1. Under 8 Å between Cβ atoms, which residue pairs at least 6 apart in sequence (or on different chains) link something in the stretch A:74-99 that is away from chain B (no Cβ under 14 Å) with a partner that is assigned to a loop (DSSP other than H, G, I, E, B) and of a type in the set (S, T, N, Q)?
2. Please state which of the following conditions B:MET11 fails to meet, knowing it meets all the rest: (1) within 28 Å of B:TYR172 (Cα to Cα); (2) at pLDDT below 75.
3. What number goes with the only condition from (1) away from every other protein chain (no Cβ under 14 Å); (2) part of a loop (DSSP other than H, G, I, E, B) that A:ASN244 does not pass?
4. Residues in the stretch A:180-201: is at least one touching a residue at least 60 places away in the same chain (Cβ under 8 Å) and among the β-branched types (Val, Ile, Thr)?
5. I'm told A:GLU203 meets every condition in (1) within 11 Å of chain B (Cβ to nearest Cβ); (2) surrounded by 15 or more Cβ atoms within 10 Å (Cβ to Cβ); (3) over 18 Å from A:ALA126 (Cβ atoms) except one. Can you identify the failing condition by its number?
6. Looking only at the stretch A:192-248, count every residue that is of a type outside the set (A, V, I, L, M, F, W, C) and more than 30 Å from B:ASN130 (Cβ to Cβ) and tell me the total.
7. Just for strands (runs of 3 or more DSSP E) wholly inside the stretch B:208-300: which have at least 1 residues that are away from every other protein chain (no Cβ under 14 Å) and among the aliphatic types (A, V, I, L, M)?
8. Among the numbered criteria (1) more than 20 Å from B:LEU201 (Cβ to Cβ); (2) of a type in the set (Gly, Ala, Ser); (3) surrounded by fewer than 24 Cβ atoms within 10 Å (Cβ to Cβ), which one does B:ALA232 miss?
Amino acid sequence: MIRAAAVSLLCLAALPAAGQARSSTAGKPDLNGIWQALNTAAWDVQDHSGQLGVPPGQGVVEGNEIPYQPWAAAKKRENFASHRTADQTESNCFMPGVPRATYMPFPFEIVQTPKTVAIAYEFAHALRSIPMDGSPHPDGLPDTWMGDSRGRWEGDTLVVDVKNFNDQTWFDRAGNFHSDALHVVERYSLTDPDHILYEATIEDPKVFTRPWKISMPLYRRVDKNLKLLEYECVFYLQEERFKNAPFK
Amino acid sequence: MLPSNRFLLRMAAAAIVTLAPAASAWSAAPRTPDGQPDLQGMYTRNGVVGLEANAPENPIDPSGKNPLSVSNRGDGLGPYPKIFGEGGTVLRGGQRGQQRRAGIVDPPDKKLPWRPEQDAKRRDFLLHMNPPADLGHVELNARCTLPGLFQGEDNNNPYQFLQRPQEVVILYDYNHTSRVIHLDGRPHLGKNIRLFMGDSLGHWEGDTLLVDTTNFNGKTAYSREIPYLSDALHTVERFTIVDANTIDYEITIEDPTLFTKPWKVAGYFTRAPKDIESLEFACAEGSQTLVNMFGKPPER
Amino acid sequence: MPTKSCIAVAVVSLLLAATPVAAHHAFAAEFDVNQPVKVKGTLTKVEWVNPHAWIYVDVKGADGKVVNWHFELGPPNALFRLGWKKDSIPTGIEVEITGYRAKSAEAVANGRSITLPDGRELFSGGSGPGSEGATKQ
C-alpha cells in the first residue's frame with residue numbers, strides 16, 4: 001500500500017548544552033551484570049526436606065510462615081497436590097512472575113541506566129523494564145505476568161514497586177499463590193561488589209492476612225565472557241507435545 | 001483497473017532506492033559517558049521488509065484470495081476489529097513518511113541469490129504449511145519463538161535501546177525479547193551453542209554501530225516467503241544515527257547453505273513519542289495457535 | 001538557548017504492508033475460511049490479556065442449549081496505547097459477532113467484527129472510551 005507523497009517537516013533536535021556531566025550509573029551502586037540466586041526457593045520458599053527431584057532447603061520467608069487467609073491455606077494445599085499440571089511455570093513454561101523470576105535456578109542480567117533499569121531473565125526470556133523517572137503505575141493496563149514495575153533509589157538501595165499482576169503465577173512449585181491484587185516491593189542492596197541482598201515484601205489483601213517478606217543473597221556470576229543464553233522451554237514443550245500432530 | 005499492490009511496490013521500491021542517499025551519520029549526536037554515540041530511547045522500526053522479486057505466493061497469507069489474509073487489512077492485524085492495529089499511529093507519532101531506503105537494497109533487482117535446490121525446497125515447504133503437514137511445517141513465528149532477525153513491518157511493538165559501557169541492549173516489546181550486543185571484544189560463543197537470536201558482538205566505527213551475529217539455530221524465519229534461515233546464518237548489521245530521531249539500519253544476510261552470496265535489507269528506526277513505554281507482550285501465555293491448528297495434544 | 005531547525009521535505013511515504021508481522025499468527029492455518037461464524041449472545045467475560053484479548057459470549061442454540069463461545073481478539077497493548085483501559089468493556093451486553101471458526105475447536109473463533117444491537121461497532125476507532133460506557137461512536 002503506497003501513501004501519497006506529502007510534505008513533512010524534518011526537524012533536527014537541539015544540540016545538548018555543553019558541559020552536562022553524566023555518569024553511567026549517576027553515582028549509584030553498580031548493579032550491572034549477571035546475577036543468580038543459589039537457593040531452592042524455586043521449589044519451595046519455606047523450609048523443606050529433600051525428596052526425589054526436590055533439593056532440601058532452608059526457606060527464604062521471614063518467620064517461615066505465609067499468612068494465608070483460611071480459604072487460601074486450603075487452596076495452597078490443593079495447589080501443592082496438583083502442582084505438576086497446575087503450576088503454569090513448571091508445566092507450561094509460562095513466565096514465573098515476580099519475585100519467583102529472581103530465584104528460578106537460571107541467571108538474569110541487570111542493565112542499569114539512569115532512566116531505566118532492565119532485567120532480562122534466561123528462563124523463558126522473561127523481561128522487565130523498570131522506569132526510574134518517578135512515573136506512576138499507569139491506570140487500566142492489561143493484567144501482566146511480570147507486573148508493572150516502577151523504580152527509585154532510596155539511598156543506595158534500588159526499590160522497585162510492582163503491581164498489575166494477573167493471578168496465574170505461583171511463588172514456587174509448592175503451590176504458594178496470589179491473586180491479581182498482588183503488590184510486591186523489591187529492594188536490591190549491594191552488600192559488596194559481588195553480592196546483592198534481595199528483599200521482597202508481598203502484599204495481597206485477597207489472599208493473605210498481612211504482608212510478608214522474603215530475603216536472600218544474589219551472587220554475581222563472575223565467569224569469563226558469560227552471557228545469558230536461551231532456555232526456550234515453550235518451544236521444547238511444543239516439540240514434545242505436538243510431535244505427532246495433526247491429531248485429527 | 002488499479003495496478004496490483006505488487007506492481008506499485010516495485011515502482012515505489014525502485015524510486016526509493018534511487019532517490020535516497022545512503023546513511024550519513026549525525027556527527028553531533030550526544031555521547032554516553034563512555035563516549036558511544038547515544039541512541040537510547042524508544043523507537044519504532046520501519047521498512048525492514050525482505051520482499052523479494054519472484055517470490056512464491058505464501059499459503060499463510062494468500063492476499064486477495066483469503067478473507068483472513070493480513071494483507072487485506074491495512075493495519076496488518078488480520079481478522080480482528082481494525083482498532084487493534086491502530087496502536088501504530090500512536091507509536092509512530094510524527095515520524096512517518098521519511099525518505100529513506102527500505103526493503104531489499106542488494107541485489108537491486110531484489111532477486112535473492114538462492115541456491116536453486118534450496119529455492120525449490122522452500123517453495124515445496126511452503127505448499128505444506130497450510131494446512132501444516134506437521135509441527136515442522138508450522139510457521140515459526142506462529143509458535144511464539146524468539147524472532148531472530150528483524151522481520152516485516154510491525155505496527156504495534158516498539159523497541160527500547162539501552163547502552164552500558166560494554167553493551168548495547170535492545171528490548172523488544174514483541175514477545176519480551178531482549179538482545180545484548182557485547183562491545184567488550186570477547187570472541188563469539190563456541191559453535192555448539194545455538195540461539196534463536198544468535199550471539200551479537202558489536203563495535204563502533206565512527207557513528208555507526210557494526211554488529212556481527214553468529215550461532216543461530218536454524219529455527220528462525222525471515223519472512224512469510226522465506227520460512228526458515230539455516231544455522232549457517234551470519235549477519236552484519238549497521239545502526240547509524242542520522243538525526244535526533246532516526247537510526248538508519250542495514251543488514252547483510254549471509255547464509256551459505258541457502259544462498260550463493262550475501263544480500264542486504266535496509267530500513268530505519270524512528271523515535272516514538274515521549275510517553276511511550278515498553279509494555280509486556282506475553283506471547284506463549286496467551287497463544288492458542290497450535291491448538292487451533294491441530295487440536296489439543298493428548299495428555300502426557 | 002537551544003533552537004530547532006526545520007526543513008520542509010517532500011517525502012514519499014512507503015509503507016510496505018505486504019509482509020506484515022501479526023507475527024505470532026498464521027491466521028489462514030488456524031481459522032477455517034469455510035466455516036464463517038455469526039452469533040448473537042450475551043457478553044459474559046472479557047479477558048484483557050496478551051497476546052490477545054478474549055471475549056466470552058453465551059449463545060443460545062436452536063436447541064435451546066447455551067454454549068459459551070470464545071472469541072479471540074487482537075493484542076490489548078494496542079488498545080491501551082489508544083486510551084482503552086482494562087475494565088472498559090462491560091459484561092452483560094448483547095453483541096453480534098462475526099468471525100471464522102478455529103480449525104480444530106468447536107466454540108472458538110476469531111472476533112472479526114462485534115456489533116451492538118443498535119448497529120454500533122464495539123472496538124470502533126477513535127480515542128479511549130467515553131464516560132457513558134465503553135462503546136465507541
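1. A:LYS76/A:ASN176; A:ASN79/A:ASN176
2. For B:MET11, the exception is condition (1).
3. It is condition (1) that A:ASN244 fails.
4. Yes, because at least one residue in the stretch A:180-201 is touching a residue at least 60 places away in the same chain (Cβ under 8 Å) and among the β-branched types (Val, Ile, Thr).
5. In the conditions (1) within 11 Å of chain B (Cβ to nearest Cβ); (2) surrounded by 15 or more Cβ atoms within 10 Å (Cβ to Cβ); (3) over 18 Å from A:ALA126 (Cβ atoms), A:GLU203 misses (1) alone.
6. Total satisfying the criteria: 25.
7. B:208-214, B:234-243, B:246-254
8. The failed condition is (1).
The values are calculated or read from the model by the stated rules, or taken from the named source; none is laboratory data. Keep in mind the model is a prediction, meaning the values are calculated, not measured. Quick reminder, even Gly has a Cβ in these numbers, built from the backbone with ideal geometry, and neighbours come from all protein chains shown.
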